[in-house]
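*Asks:* Here it is: the structure, laid out below.
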Amino acid sequence: MARIDSFFKLMSEQKASDLHLSTNNAPMLRINGDLVRVDFPPMLNDDLKAMVYEIAPEGKIKSFEESLDVDFGYEVPGVARYRANFFQQKYGISAVFRLIPSNIQTVDDLHLPAVLKRFPMLKKGLVLVTGPTGSGKSTTLAAMIDYANLHRHDHIITVEDPIEFVHRSQNCLIQHREVGIHTRSFAAALRGALREDPDLILVGEMRDHETIELALTAAATGHLVFGTLHTSSAAKAVDRIIDVFPTHQQNQIRTTLSESLKAVIAQNLFKTIDKPGRVAALEILVVDMAIANLIREGKTHQIPGMIQVGKKKGNQPLDDAIMEHLRNARISPEEAYDKSLDKKKFRQFLKEPPADASEE
């Protein structure tokens with residue numbers, strides 16, 4: 001048993017999502033979104049380095065010492081998996097561990113809209129899940145991959161850095177690849193995947209020009225591709241993909257994206273007030289002919305309006321999702337107001353509305 005495993009046991013007992021270990025500081029846990037200090041002495045650089053090096057693969061230690069930060073996955077059998085990140089800071093080494101639950105929650109378990117069950121059943125195209133770091137993108141993706149695993153008879157390849165949720169092959173054959181261990185890069189894995197007879201490809205992060213281009217190619221050539229981006233809305237996800245490319249390529253990319261993009265799920269997490277925990281609010285864009293035309297013509301600023309009028313097709317404005325949580329007393333009016341797009345809809349619920357309403 002590694003020395004650090006006692007902290008993972010504490011995470012489990014406290015229902016924490018993250019563990020922070022930092023030189024010259026006591027360990028801290030993130031519980032329901034807030035950092036809480038553990039009753040433990042501040043950790044010295046050499047002691048902390050020895051502790052975290054004990055669980056790191058040799059290649060990852062070498063990579064960290066060369067680049068000064070690194071990601072990898074770590075599993076405590078019978079407890080959970082963790083996404084680990086080491087980085088160097090002013091006073092020494094720091095490490096952050098994100099809990100990845102062993103049990104994969106379903107779309108129904110997570111109380112996600114039923115339309116999310118349609119996306120894993122598509123035969124081809126691109127589905128994006130977007131949101132800030134820590135917004136639950138991986139959990140939502142895992143639920144959709146789980147649905148495909150149960151309802152399709154196909155080949156699924158996941159490419160992640162690191163591997164997060166581990167799916168057991170059921171009706172599908174699922175193969176997990178970790179960047180830096182099983183493949184050199186997202187782009188290399190995607191190039192290889194096109195020769196590996198996949199039906200569904202999960203790209204853990206579409207972070208560069210080459211990866212995005214290969215994902216679009218896969219989606220356009222008869223594969224279903226799921227990917228993530230760090231954007232706050234569906235429209236911004238579209239713009240982000242197009243802006244990655246040089247100006248002279250953007251018209252062609254708009255056309256390719258308009259033909260390949262099937263859906264965008266943009267989500268954020270809210271602290272719950274009815275019970276300890278957090279709940280996701282989703283903006284959902286289902287791409288139809290009208291929205292495809294907006295993408296092709298560079299009129300992405302009109303997408304929010306199309307989401308609003310296309311609710312019967314499965315579209316869901318973010319503010320509608322926030323309002324549902326608020327009316328069901330799951331979240332506070334203050335957080336609803338803070339994270340909403342149209343502030344004036346939520347101002348009436350505040351006990352002390354801000355004096356400056358200029359943002360409305």
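Quick note: the coordinates plus some simple rules give every number you see, no bench work behind them. Being a predicted model, the structure only gives us computed values, none of them experimental. Note: ideal-geometry Cβ built from the backbone for every residue, glycine included; neighbour counts use all protein chains shown.
*Asks:* So how do 259, 196, 178 line up by other beta-carbon neighbours within 10 Å, fewest first?
*Replies:* Ascending Cβ contact count within 10 Å gives the list 196, 259, 178.
*Asks:* Let's see if you can work this out: charge +1 on each Lys and Arg Cβ, -1 on each Asp and Glu Cβ, no other charges. What is the dipole magnitude of region 1-99 about its Cα centre, in debye to the nearest 20?
*Replies:* Result for region 1-99 is approximately 220 debye, rounded to the nearest 20.
*Asks:* Explain nothing, just the number: relative contact order of the chain, from Cα pairs under 8 Å at least 6 residues apart, as a whole percent.
*Replies:* Here the relative contact order equals 12 percent.
*Asks:* State the number of lysine pairs found in region 5-100 whose Cα atoms come within less than 23 Å, restricting to pairs 8 or more positions apart or on distinct chains.
*Replies:* 6
*Asks:* In whole Hz, with x marking every Gly and Pro, tabulate ³J(HN,Hα) for region 198-207 from phi via Karplus 6.51 cos²θ - 1.76 cosθ + 1.60, θ = phi - 60°.
*Replies:* x, 9, 10, 10, 9, 9, x, 7, 8, 9
*Asks:* Based on Cβ point charges of +1 for Lys and Arg and -1 for Asp and Glu, what charge dipole magnitude is obtained for region 57-159 about its Cα centre, in debye rounded to the nearest 20?
*Replies:* 360
*Asks:* Let me have the 222 nm mean residue ellipticity of the chain computed from DSSP H runs of 4+ only, each contributing -39500 (n - 2.57), with the sum over all residues rounded to the nearest 500.
*Replies:* Roughly -9500 deg cm²/dmol at 222 nm, from the helical runs in the chain.
*Asks:* Whole angstrom only: what separates the Cα centroid of region 245-313 from the Cα centroid of region 60-87?
*Replies:* The distance from the Cα centre of region 245-313 to that of region 60-87 comes to 33 Å.
*Asks:* Another question about this same structure. Please state the charge dipole magnitude for the chain, taken about the Cα centre, from unit charges on C-beta atoms (+1 on K and R, -1 on D and E), reported in debye and rounded to the nearest 20.
*Replies:* For this selection, approximately 860 debye.
*Asks:* Lys and Arg at +1, Asp and Glu at -1: add these up for the other residues within a Cβ distance under 10 Å of residue 106 and post the number.
*Replies:* Once positives and negatives cancel, what remains is -2.
*Asks:* Please report the net charge: other residues with Cβ closer than 14 Å to the Cβ of residue 30, K and R +1, D and E -1.
*Replies:* Every neighbour counted, the sum reads +4.
*Asks:* Sort 98, 177 so the one with the fewest other Cβ atoms within 10 Å of its own Cβ comes first.
*Replies:* Arranged by neighbour count, lowest to highest, 98, 177 become 98, 177.
*Asks:* Still on this structure, I have one more. Can you give the relative contact order of region 282-360 as a percent, counting alpha carbon pairs under 8 Å and 6+ residues apart?
*Replies:* RCO, region 282-360: 25 percent.
*Asks:* Related question: What lysines does residue 313 reach when the alpha-carbon gap must be under 30 Å and sequence neighbours fewer than 8 apart in one chain are set aside?
*Replies:* 117, 123, 124, 137, 236, 262, 271, 299, 339, 343, 344, 345
*Asks:* All other residues with a Cβ under 10 Å from the Cβ of residue 134 taken together, and with Lys, Arg as +1 and Asp, Glu as -1, what is their net charge?
*Replies:* Residues near residue 134 contribute +3 overall.
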